[in-house]
Amino acid sequence: MIDMFGVISESSFGQVNALTITAALGVILTSMAIWSVMRPSGFPPGPRGLPLVGSIFDMNDSPEVVFGNWAKKYGDIFGLKIGERWMVVLNRKDVIKEAVVKQSVDFAGRPDFYSFEVFSDGFKDIAMSSYSDTWKLHRKLGHTALRHFATGKPLQKLITNVYPKLEKELAENEGKPIDPRLLLTLLMYNVLTQMCFGMSYELHDPKVKAWMEINDEGNESVGLGLAADFFRWARYIPTSGPRLIKEGVEAFKDMINAELAEHREKKYDPENINDFYSMMLKTQEDAKREGENVDKLSDAHILMTIIDIFSAGTQTTIDTLYWAFACLAETPEVQKKVQSEIDSVVGRDRVPTIEDRGTLPYTEATLYEVMRYSTIVPMALPHSTTRDTTLRGYSIPKGTTVMLNIHSMHFDPDEWIDPESFKPEHFLDDGRTVRQHPPSFMPFGAGRRSCLGEAVAKADLFLIFSWFLQNYTFSKVPGKESENLCKTIPKTVAGRLLTPYQIVISKRK
């Protein structure tokens, strides 16, 4: 390598240089790998994961199952890394409520997932945008609109308008096996179109079916999220996931925009506000006139807020009722008790109303038990920390993704007797009084990020559920009595979805 004069030859220098570069790269890559799994100071304990990718390969089952197993090992609060993101997972009521109720602002953010950005047109909605003044304004507007258009008699009227269409559809399928998901979907889309746009459709209107298909495709395409949610560089790789989501979002926006354009031209009257979009338009006009919040009330922001309420107001209610019908077909003795109570209190000559809430304890307890037993959103929409904070002595940096394991609350054996069984008695104190707020029950979240439509959803479910049970009986398909209707789709990442089923919905005599 060195000649007799002590001079390094050109070829030897090249070899040394290559070895040096290789060694340097090795050191850099090794350092990066080690750094990628080093926990922030004071961070909660948890699985170590692999360099660069973290614990992504350990997510080999539904998140609530994997996280539940890790909670047994590391405790009710633990931390992990998936891809480039550090995450904290909270389990069981005490830890979850301490974070989202007692430290609500600290945990009120949303992670800047790429899928959230695409779905919300750059974080312009309520559900997926982070905690900010714009978010506060739109949440307040949404809350006002729901209170005005979707409570009490206005909501009663919206739902009652759809009953004749349901009766016609059910009469045509009397005695036949039917998958009720389509019926429930068409029902809720009709209710929400009336509330948002003041429009009413036939159950099988092609426009309503198209909305339903786009929404379902969007839910299926996102799954646990996109690779770009956890690896920022992945957003620049042309894969099918982002493309499908973008296409679905644009198609849904086009359809809603067409409704809004027609509404603005033909129905909008600032002196006669009868639907959510009219209220938003009036608010926008007032803001422009007063020169305040104009940038927060752009057409894009209004569109995304309406899409939020429209989407959230349909899917959760549809899935809960789908579980309810399956659970009652599985437990005919519970179904008979509900029907007997409705017959005794409401009778058969009028429809159940909002005023009947509080007088039908077993019926309400059955609905709450459906919400607990189904836990259709076992992991709440991810939160993030809005600033550096602490929880139970652990340090959690600003921007950390925070997951709430709601399933761990709803199936906690220390909080519920026989939680794996469907029992309305879980929500009855003495057989006559409803436990409306058990400490380990949180189907709509809590704190700053609690579900905007909780009151509306509960009212929707009560009115529709009690009307169905007043007038119809659910039973298993003859010859399939041994079939378990409450089987969930294995390892689903979109929530605890039921395997599609069929039942017979018969008119009560």
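The values are calculated or read from the model by the stated rules, or taken from the named source; none is laboratory data. These figures come from a predicted structure and were not determined experimentally. Cβ placement follows ideal geometry from the backbone for every residue including glycine, while neighbour counts extend to all protein chains displayed. Side chains included, ligands, DNA and RNA excluded: accessible areas come from the protein's heavy atoms. Shrake-Rupley method; radii C 1.70, N 1.55, O 1.52, S 1.80 Å.
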Out of GLY79, MET280, PRO438 - ranked by how far each Cα lies towards the positive end of the dipole of the chain, with unit charges on the beta-carbon of charged residues - the top one is PRO438
Rounded to the nearest 10 Å², the accessible area of GLU481 using a 1.4 Å probe with every protein chain kept is 110 Å²
Counting only DSSP beta bridges with both partners in the chain, the antiparallel fraction in percent, to the nearest 5, comes to 85 percent
A 1.4 Å probe over the protein heavy atoms gives the chain a carbon and sulfur accessible-area percentage of 56 percent
For THR389, the residues 5 or more places away or on another chain with a placed amide H closer than 5 Å to its own amide H are ILE396, LYS398
All alpha-carbon distances of the range 391-509, grouped into 5 Å bins from 0, give the whole-percent distribution 2, 8, 10, 15, 20, 19, 13, 7, 3, 2, 2, 0, 0
Here the gain from full extension of ASN274 to LYS168, 0.36 nm per residue of separation minus their alpha-carbon distance, amounts to 35.4 nm
With 0.36 nm assigned to each residue of separation and the Cα-Cα distance removed, LYS491 to LEU381 gains 37.8 nm
Rounded to a whole number, the Stokes-Einstein D of the range 113-192 in µm²/s (Kirkwood radius over Cα pairs; 37 °C; 0.692 mPa s) is 210 µm²/s
Whole-percent tail of the Cα-Cα distance distribution for the range 275-397, cut at 24 Å, equals 59 percent
Computed over the chain, the relative contact order (Cα-Cα under 8 Å, seq sep at least six) in percent reads 22 percent
For the range 283-360, dividing by residue count, accessible area per residue (probe 1.4 Å) in Å² works out to 42 Å²
FRET efficiency (VAL477, GLU247; Cβ distance; R0 35 Å; to 0.05) is 0.40
quick shape note, the range 318-368: Cα extents on principal axes in Å, largest first -> 26, 22, 18
Note, the range 120-134: 3J(HN,Hα) by Karplus (6.51, -1.76, 1.60, θ = phi - 60°), whole Hz, Gly/Pro = x, goes 9, 6, x, 6, 9, 9, 9, 5, 10, 7, 7, 5, 7, 5, 5
Computed over all unlike Cα pairs, the Kirkwood hydrodynamic radius of the chain in Å stands at 25.2 Å
Hull surface over four for the Cα convex hull of the range 345-447, reported in nm², is 8.8 nm²
Once both label points are put 7 Å beyond Cα along the C-beta direction, the ASP254-ASP286 separation in nm becomes 3.5 nm
Tilt, helix 299-330 to longest principal axis of the chain (alpha-carbon atoms), in degrees rounded to tens, equals 70 degrees
The range 440-509 accessible area per residue, 1.4 Å probe, protein heavy atoms, integer Å², reads 41 Å²
Scalar couplings 3J(HN,Hα) for the range 399-405 by Karplus 6.51 cos²θ - 1.76 cosθ + 1.60 (θ = phi - 60°), nearest whole Hz, x for Gly and Pro, are x, 6, 6, 10, 10, 9, 8
Unit-weight point scatterers at every alpha-carbon of the range 249-296, Debye formula, q = 0.15, 0.16, 0.23, 0.33 1/Å: log10 I(q)/I(0) is -0.47, -0.52, -0.89, -1.08
Expressed per residue, the solvent accessible area of the range 68-205 in Å² (1.4 Å probe) is about 39 Å²
Within the under-11-Å Cβ sphere about MET409, not counting MET409, Lys/Arg +1 and Asp/Glu -1 give a net charge of -2
Simple spin-label estimate for SER200/ARG392, 7 Å along Cα→Cβ, in nm, reads 5.2 nm
On the formula 1/(1 + (r/R0)^6), with r taken between the Cβ atoms of SER41 and LYS102 and R0 of 22 Å, the FRET efficiency rounded to 0.05 is 0.40
Charge tally for neighbours of GLY79 with beta carbon under 15 Å away, counting Lys, Arg as +1 and Asp, Glu as -1, is +3
In the neighbourhood of PHE462 defined by beta carbon distances under 9 Å, the net charge of the other residues (Lys, Arg +1; Asp, Glu -1) is -1
Taking 0.36 nm per residue of separation between THR433 and GLU265 and subtracting their Cα-Cα distance, the length gained on full extension comes to 55.5 nm
Checked the range 51-130 with the C-alpha gyration tensor, a ≥ b ≥ c its square-rooted eigenvalues, rounded below a/c of 1.5, otherwise prolate if a/b is larger than b/c and oblate if not; verdict oblate
